[in-house]
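The values are calculated or read from the model by the stated rules, or taken from the named source; none is laboratory data. Since the structure is predicted, the reported quantities are computational estimates derived from the model, not experimental observations. Methodologically, a virtual Cβ is constructed for each residue, glycine included, from the backbone with ideal geometry; neighbour enumeration extends over all protein chains shown. Just the protein is used for accessible areas: all its heavy atoms, side chains included, with ligands, DNA and RNA removed. Shrake-Rupley method; radii C 1.70, N 1.55, O 1.52, S 1.80 Å.
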Amino acid sequence: MSNRDSHPFASFFQAGFECSSHRRRDGVRLDLIRATSHDKHVLRDYRQCKQLGFGTIRDGLRWHLIEKSPGKYDWSSWRPALEAAEAVGMQVIWDLFHYGSPDCVDQAAADFPQRFTDFAMVALELHEEISGRPAFVCPLNEINFLSWAIDDEYFPRVGPDEQGWFKRQLIRTAIMAARAIKQRWPATTIVWAEPLIHIAPHDRRRQTVRAAQANLRGMYEAYDWIMGLAEPEFGGDPSLIDLVGLNYYPHNQWYFQGPTIPMGHHEYRPLADMLVEMSERYRKPVFLSETGAEGSGKPSWLHYVCNEVRDAMSRGADIRGVCWYPITAYPGWDNSRHAETGLLSSVVADGSRHVDQRLLAEFEAQRELFAASQNGSGDRRRLRSV
């Protein structure tokens, strides 16, 4: 897409609120919006993000709280966030399905695509009622990761014990929902968020190289299938994707059946090269829909990512934004350990969140660097507003 203003974000730098709500392998239901107290402090959280210069954020619905019985919707868990966004003037990319579904919904059932589509349509009706602005939505978060998690039983098994079956179920669901949304609300911006990864062979034996390449091909499947570039029987089409979201973290490169590849190693692939490849492959605007690091490594990670993004942009990649995810500290999925990954802390006694001043200083420095690197005055204004 050549028109840089076709689907503009309100700010280049964005903030993401962790909203996973799936069940772990042991059956425990996660609810990270509740665990981070974002549900109780959503208005204050949005105001703080706005004050820190974020005009666009990612947040999510908790489907398991909304549809506790089939076809019956209780919006009390989402309406306060919708109203807070309007009160603050915040642009929100809403994740409709961030892994978790209601217990009354069988993700393996033949009617799952229709069940999700029904939910998505009613959700956007409420969005239209409260906001009146065209919606920004991510219908299904990380199809490639979720299907891997099911296949490898990191999440509880769904459907038959058949590698790849669940990804196909999710693709059918994604295409049905996206098509229905676009038909009803053509001005809706549909983004997706998929992991950006690199897998290197741990030795140079032919079978190892081929196995690593085969594993890496899975990274492209969700976008290829939704856009109709492969598996045309799904009915995919490029119109179902407005922006290609890519999730990238320090652990996103690893050896086939081996450890993480450290940055600086000869097998570590530069992020800029990966962004250029995805931009050229899909011919769509791209954004880093998730990126972040933990502890003292946060500022240096942002520094690296932003340098690579500017490099990719200088080589022609149409990159629209960078979302720090999650923007708050949160309890880890597997063991609830305290993870200091955000610009903002957990909620403290007076209801506020502390700001990581070192990370904030890096954000401010990067805003200036991006503004200086842009030639168009419109792009400079947008970058400086972040």
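Roughly how compact is region 1-79, stated as its Cα Rg over 2.2 N^0.38 Å to two decimals?
Details: Rg = 15.8 Å, N = 79, 2.2 N^0.38 = 11.6 Å.
Normalised Rg, Cα atoms only: 1.37.
Using unit Cβ charges (K, R positive; D, E negative) and no other charged atoms, how large, in debye to the nearest 20, is the dipole of the chain about its Cα centre?
Values: 45 positive and 50 negative charges, 114 e Å.
Computed charge dipole of the chain: roughly 540 debye.
So which chymotrypsin sites (Phe, Trp or Tyr not before Pro) in region 1-77 are both in a DSSP loop and have at most 10 other Cβ atoms within 10 Å of their Cβ? Please report the intermediate quantities before stating the final value.
On the way: sites: F9, F12, F13, F17, Y46, F54, W63, Y73, W75; in loops: F9, F12, F17, F54, Y73.
Those that pass, being in a loop and sparsely packed, number zero.
Once you have the Cα-Cα distance between V28 and V209, take 0.36 nm times their residue separation minus that, and quote the gain in nm to one decimal.
Numbers: separation 181, 0.36 × 181 = 65.16 nm, distance 3.78 nm.
Once the chain is fully extended between V28 and V209, it gains 61.4 nm.
Over the alpha carbons of region 12-150, what is the largest minus smallest coordinate on each principal axis, giving the biggest first in Å?
44, 31, 26
Relative contact order for the chain using alpha-carbon pairs under 8 Å, separation at least 6, rounded to a whole percent? Before the final figure, lay out each step's value.
Numbers: 711 pairs, mean separation 67.8, N = 386.
18 percent.
Could you sort out which of K72/K182; K68/K284; K167/K284; K68/K298 sit more than 31 Å apart by Cα distance in this structure?
On the way: K72/K182 24 Å; K68/K284 37 Å; K167/K284 23 Å; K68/K298 38 Å.
In this structure, K68/K284; K68/K298 lie more than 31 Å apart at Cα.
Using the scaling law 2.2 N^0.38 Å as the reference, what is the normalised Cα Rg of region 167-291?
Values: Rg = 16.1 Å, N = 125, 2.2 N^0.38 = 13.8 Å.
Relative to the 2.2 N^0.38 Å estimate, region 167-291 comes out at 1.17.
For a test of the definition: using alpha carbon positions, the gyration tensor, and the 1.5 limit on a/c, classify region 146-202 as rounded, prolate or oblate.
Details: a/c = 3.32, a/b = 1.63, b/c = 2.05.
Oblate.
Need one number: % antiparallel among DSSP beta bridges in the chain, to the nearest 5.
Numbers: 7 of 43 bridges.
DSSP beta bridges in the chain are roughly 15 percent antiparallel.
Using the basic label-point model (7 angstrom from Cα toward the beta carbon), what is the A361 to H266 distance in nanometres?
Once both label points are built, they end up 3.7 nm from each other.
For the chain, what does -39500 (n - 2.57) per DSSP helix run (n ≥ 4), summed and divided by total residues, give at 222 nm, in deg cm²/dmol to the nearest 500? Spell out each step's value before the answer.
Numbers: 12 runs with 151 residues, N = 386.
Here the helix-only value at 222 nm equals -12500 deg cm²/dmol.
Considering Cα pairs under 8 angstrom that are at least six residues apart, work out the relative contact order of region 1-116 and quote it in whole percent. Intermediate values should be presented prior to the final figure.
Values: 164 pairs, mean separation 34.1, N = 116.
Reported relative contact order: 29 percent.
How large is Rg over Rh for region 77-215, taking Rg from the Cα atoms and Rh as the Kirkwood inverse mean of 1/r across Cα pairs? Mind showing how you got there, number by number?
Values: Rg = 18.1 Å, Rh = 17.0 Å.
Radius of gyration over Kirkwood radius for region 77-215 works out to 1.06.
Could you work out the longest stretch of the chain that avoids the trypsin sites (Lys or Arg not before Pro) located in DSSP loops with at most 10 other Cβ atoms within 10 Å?
On the way: sites that count: R204, R205, R337.
Of all site-free stretches, the longest is 1-203.
Which of the GluC sites (Glu not before Pro) across region 130-214 are loop residues per DSSP, with 12 or fewer other Cβ within 10 Å?
Working: sites: E142, E153, E162; in loops: E142, E153, E162.
Listed in order of number, the matching sites are E153, E162.
For region 242-386, would you read off the P(r) tail past 27 Å as a percentage of all alpha carbon pairs? Show your work: numbers first, answer last.
Numbers: 2803 of 10440 pairs.
Taking all Cα-Cα pairs of region 242-386, the fraction more than 27 Å apart is 27 percent.
Enter the accessible area per residue of the chain (Å², integer; probe 1.4 Å; all protein chains in place).
Values: 15710 Å² over 386 residues.
So the chain comes to 41 Å² accessible per residue, rounded to a whole number.
Please report the carbon-and-sulfur percent of the accessible area for region 36-132; probe 1.4 Å, protein heavy atoms only, DNA, RNA and ligands left out. Intermediate values should be presented prior to the final figure.
Values: 1660 of 3640 Å².
Percent of accessible area from carbon and sulfur atoms in region 36-132: 45.
Just subtract the alpha-carbon distance of E231 and S373 from 0.36 nm times their residue separation and send over the number in nm, one decimal. Mind showing how you got there, number by number?
On the way: separation 142, 0.36 × 142 = 51.12 nm, distance 3.97 nm.
Here the segment from E231 to S373 would lengthen by 47.1 nm.
Rounded to the nearest 5, what % of DSSP beta bridges with both residues in region 69-217 are antiparallel? Spell out each step's value before the answer.
Numbers: 1 of 8 bridges.
Here the share of antiparallel DSSP bridges comes out near 10 percent.
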